[in-house]
Every structure is written in C-alpha cells, then in structure tokens.
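The values are calculated or read from the model by the stated rules, or taken from the named source; none is laboratory data. This structure is a prediction, so every number in the text was calculated from the model and none was measured. Because the Cβ atoms are built from the backbone with ideal geometry, glycine has one as well, and the counts that use them run over all protein chains shown. Calculation scope for accessible area: heavy atoms of the full protein, side chains included, ligands and nucleic acids excluded. Shrake-Rupley method; radii C 1.70, N 1.55, O 1.52, S 1.80 Å.
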Amino acid sequence: SPSPPPPLPPPAPSASPSRPPPSASDPPCFPSSATVQLADGETVPLSSLSAGDSILAAAADGTLGFDVVSSFSLADPSAKAAFLSLATATATVTLTPTHKLPAGPAKALKQASEVAVGETIWLASPAAGALVQAPVLKITKVVADGLHSPLTMHGGWPVVDGVATSYNSAAVVARNKYLVPLVEAVCPSLGRLVVAAVNPKPMHYIDGEVVEPISSLEVAAAVAVTAAAATLGVRKITARK
C-alpha cells in the first residue's frame, strides 16, 4: 500500500499588526531605551522626548553644544526592531543598521552596518567640550522595543548613549539645517505630507501623529488648498484695513 503523505509543516505564526517583526527596511532609529542629555544636564530615554527639547549634540568639527528636537522627529514606541550595538570601552550605542554615525579620523558618516570592529567612533567628552575617538571593541545584533530618531532643528549630530550620531547623510543634514526651521515656522503639516509622498511606510512622529504614505497628486491638492487659504486670509486682513 502507498505510504501516507508526509505531515504538513505548521503554519507560520502571524505577526501582530501593532508589533511587526524586525525588518531590514526599518528606518534609521534607536530603541526606546536609548538616552540623550537635556540642556539642564538630565539624562532621559528617547521615549520621553518632546519636540522643542534641547539635547546634547555635536557639530561636524567635533565641538559640543545643544540643538532643538524638531517636530519632524520620529517616535514609534510600539515597534519592535532589529538593532546593532556598537560597544567601546566606555560607551555602547544601539541603532538600526541603516542609521548613520561619524566614524574614523575624518568623521565620515557611515551606516552602523558599515562600521567594523577596531574602527573608531566619536564619543562626547563634556569635560573637553568636544568629541573624542574610541575604537569599537564589539558589535552585537539585538532586538529591542521602539523606533525613535531625534531630528535636530539646526543640523547638530544628536549624542545618543554618549555617542555622536547623524539622522541622515551630511548633504541632507546641511540642507535641513536651513529647511527644517523654515518649514516648522511656515507650515509643518504640509511638510509632513511632502515627506509622506516620498516614503513607502507610515511615518510615526514625536507628537503621536501617524501619517500614511500618499501620492504626489494628494500633496499637490494639499498645497493648493493651503495656498488658497493663505490668500483668503490675506484678503480678509486687507479688507479690514
């Protein structure tokens, strides 16, 4: 008699819609437990940050100062993601593989996945008021809760877990140094719609708003409505005079 068919493999467990499995396409972020230093000297987790907070940051020349957290910063505490932990003798920074940080003597911005053991990264030395180099001694893969990315208003490199990092490439950060304050002052909501048009995933912002991806046509319509509203407001003010 024919042998019975082999048993079917068990179905793969379905992922919770609120906690998707870690993905290689996770945005450049840190876990909720990562910390920053506020202007008053207090060290706080990224999960407690708000737009407008001043955090310790570094300039490209290595000097330390404080920069303002923009409302375009990302925060998704419900996510679970895959991270890399880069450990030196005195500090460990945990970030997604695509997140950038200055590395090597020239402070070239590299993705975390491109940094090798023995290569130097840059640590904050408040006593010196500047960044100092330290070699990476160990790199480990971890899974942790939360996806957070503080986007600074004036182009500073956020110091996270005592290590200088960068939310994007040097060219984007240099552009956003001027663009972000302008958009924040004029129409931040419209700016988020523009971001949604070029990102394939929902954007979870620091104030809790989640903006789903949209088409460029929808952005154009929003721009037209905003322009019309602004024109109407100017006409009303002129009529009162």
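What residues of segment 125-159 lie in the reach of a label at Val211, counting those whose backbone N is under 16 Å from a point 7 Å from the Cα along Cα→Cβ? Residues passing the 16 Å test: 149-153. Taking the solvent-accessible surface of protein heavy atoms with a 1.4 Å probe, what is the per residue accessible area of segment 157-196 in Å²? It amounts to 44 Å² per residue over segment 157-196. Applying 1/(1 + (r/R0)^6) with r as the Cβ-Cβ distance of Thr63 and Lys138 and R0 = 41 angstrom yields a FRET efficiency of 0.90. Of all DSSP beta bridges confined to segment 114-170, the antiparallel ones make up roughly 100%. Net charge dipole, segment 33-154: roughly 420 debye, given to the nearest 20, about the Cα centre with Cβ charges of +1 for Lys and Arg and -1 for Asp and Glu.
To put it simply, the accessible area of segment 44-165 at a 1.4 Å probe is 59 percent carbon and sulfur. Here the 3J(HN,Hα) profile of segment 103-119, calculated from phi with Karplus coefficients 6.51, -1.76 and 1.60 at θ = phi - 60°, is 9, x, x, 8, 6, 5, 7, 10, 5, 4, 5, 8, 7, 10, 4, x, 6 Hz, Gly and Pro shown as x.
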